[in-house]
Amino acid sequence: MGKTTSHKITVCTSCKHKGTSCKPGYELINKLRTAIDQAGEAIPEEFEISGVACMAGCDRPCTVAYYGSRKATYLFGDIDPDTDIQDLVEFAQQYAYLHDGWCSSVDRPGKLRKSTLARVPTGMIALEPTGEFAH
């Protein structure tokens, strides 16, 4: 059975290092794609890796989001393409195995324990029954 593409990693391409014009997003995308490809079967699911113009994490560049079908979404900030690739790859491996995407900060690899900007639960739709409620 082949890998399925139900997981995505999105990297902000407009984040700048403070006080510079350096935008590390594209470098991060390239390094992350290479590292995930090299991980091979250690990551049981495929991850589509792409960039987006802004994820509103400007004070904590570079920002990276992980999301998957029926899973919690994570947004990480302060990611450095030169030092944090291994943590991102390890989280991809971990995230692929989490049935709902939910994990504690102490379970996340390395820097990702403290650089989480948001964990958003999966979207759930709750329907209220129509008609009168018995009191």
When only residues in segment 115-135 that are of a type in the set (D, E, K, R) and exposed (fewer than 11 other Cβ atoms within 10 Å of the Cβ) count, which is modelled with the highest pLDDT?
Glu128
Given the conditions (1) open to solvent by 60 Å² or more (accessible area, probe 1.4 Å); (2) more than 19 Å from Thr116 (Cα to Cα); (3) touching a strand residue (DSSP E or B) at 6+ places or on another chain (Cβ under 6 Å), every one holds for Ser69 apart from (3)
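What about Asp84, is it among the acidic types (Asp, Glu) and surrounded by 21 or more Cβ atoms within 10 Å (Cβ to Cβ)? Walk me through it before giving the result.
On the way: among the acidic types (Asp, Glu): yes; surrounded by 21 or more Cβ atoms within 10 Å (Cβ to Cβ): yes.
Yes.
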From Gly57, Gly77, Gly51, residue being open to solvent by less than 80 Å² (accessible area, probe 1.4 Å) and at pLDDT below 90:
Gly57
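The values are calculated or read from the model by the stated rules, or taken from the named source; none is laboratory data. Keep in mind it's a predicted model, so treat the numbers as computed, not measured. Note: ideal-geometry Cβ built from the backbone for every residue, glycine included; neighbour counts use all protein chains shown. Just the protein is used for accessible areas: all its heavy atoms, side chains included, with ligands, DNA and RNA removed. Shrake-Rupley method; radii C 1.70, N 1.55, O 1.52, S 1.80 Å.
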